[in-house]
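Pasting a structure below so you can have a look.
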Amino acid sequence: MLDDIWVDDAVHELRPDFAVLVMTAHGLTNGPTDDRSRAWLAAAAEAEAQPAKIDAWKDAYRAFGAKPQRTRPSVDALTRRMPLPEINQAVDAYNTISVKHALPIGGEDLDRYSGPARLLRAAGDEPSEEALGTPEPGEVIWRDDLGVTCRRWNWRQGVRTRLTEETVNAIFLLERLEPMTLEELKEAGEELADLLAELSPGVRIATRLLSSRN
């Protein structure tokens with residue numbers, strides 16, 4: 001799965017500094033929010049604001065024609081929701097890391113994918129869930145063989161692949177723009193892996209970095 005994921009050249013042309021750390025987690029034991037994941041969220045809510053990182057995503061949205069004050073990058077929308085929402089343990093884990101590092105992160109059920117995830121600029125006719133709506137031409141989207149899984153880079157994920165309490169195998173997409181360094185991206189990935197391992201001691205984690213350099 002990891003080897004088949006790709007980012008289209010047109011996305012790197014839009015933002016040459018874009019990189020995504022892809023993480024798969026096999027053998028998860030997910031469940032409803034508990035005191036442990038609630039404490040993670042509370043600690044993340046105390047993190048210092050990092051507006052430069054969020055502004056970079058707003059600029060990226062404007063570059064493909066989106067209005068970030070109307071459809072906010074995921075990390076911008078998340079940091080405006082205090083206290084942080086309680087979803088389930090795995091989602092709480094990646095939201096914790098997202099807020100701590102001002103880093104957009106998507107988490108999805110790997111078993112609900114058809115074919116590999118790929119990030120590209122939309123033609124405007126891609127199959128999409130009704131709740132997501134049809135992507136606009138040039139919009140940056142994540143998709144698989146069945147259609148759109150996330151619109152406007154990281155604005156809104158679809159229902160089909162969302163993480164639930166029944167999810168056993170997951171994929172996480174940690175999306176970086178400068179001024180975040182690749183080293184901090186790696187650290188964020190390690191921190192997320194640690195939280196997932198705390199939830200599921202037998203979980204098997206694998207990662208791959210995709211950037212304009214590889």
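The values are calculated or read from the model by the stated rules, or taken from the named source; none is laboratory data. Remember, it's a predicted structure, so these values are computed and weren't measured experimentally. All Cβ positions, even for glycine, are placed from backbone atoms using ideal geometry, and neighbour counts span all protein chains on display.
Select from the stretch 72-86 the residues that are modelled with pLDDT under 95 and of a type in the set (D, E, K, R) and write down the one among them that is farthest from residue 139 (Cα to Cα).
By that ranking, first place goes to 81.
Enumerate the strands (runs of 3 or more DSSP E) found wholly within the stretch 142-214, keeping only those where 1 or more residues are modelled with pLDDT of 95 or more and among the acidic types (Asp, Glu). Write out each step before concluding.
Numbers: elements: 148-151, 169-176, 204-211.
The qualifying strands (runs of 3 or more DSSP E) are 169-176.
On to the next question. How many residues does the stretch 72-101 hold that are surrounded by fewer than 17 Cβ atoms within 10 Å (Cβ to Cβ) and among the hydrophobic types (A, V, I, L, M, F, W, C)?
2
In the stretch 193-212, how many are surrounded by 14 or more Cβ atoms within 10 Å (Cβ to Cβ) and within 11 Å of residue 26 (Cα to Cα)?
5
Here are some residues: 120, 185, 146, 196. Which one is of a type outside the set (Asp, Glu), in contact (Cβ under 8 Å) with a residue 12 or more places away in the chain and closer than 21 Å to residue 77 by Cβ?
Numbers: 120 fails: closer than 21 Å to residue 77 by Cβ; 146 fails: closer than 21 Å to residue 77 by Cβ; 196 fails: closer than 21 Å to residue 77 by Cβ.
One residue alone meets the criteria, 185.
I need the helices (runs of 4 or more DSSP H) fully contained in the stretch 32-98, keeping only those with at least 1 residues that are touching a Ser or Thr at 6+ places or on another chain (Cβ under 8 Å) and under 23 Å from residue 132 (Cβ atoms).
Answer list for the stretch 32-98: 51-63, 74-79.
Could you check residue 69 against (1) at pLDDT 95 or above; (2) more than 16 Å from the chain's Cα centre (by Cα); (3) within 30 Å of residue 139 (Cβ to Cβ); (4) surrounded by fewer than 17 Cβ atoms within 10 Å (Cβ to Cβ) and say which number it fails?
(1)
Could you pull out the residue among 127, 104 that is surrounded by 23 or more Cβ atoms within 10 Å (Cβ to Cβ) and either without any contact (Cβ under 8 Å) to a residue 40 or more places away in the chain or closer than 17 Å to residue 173 by Cβ (or both)? Give the derivation first.
On the way: 127 fails: surrounded by 23 or more Cβ atoms within 10 Å (Cβ to Cβ).
Result: 104 is the single residue among 127, 104 that is surrounded by 23 or more Cβ atoms within 10 Å (Cβ to Cβ) and either without any contact (Cβ under 8 Å) to a residue 40 or more places away in the chain or closer than 17 Å to residue 173 by Cβ (or both).
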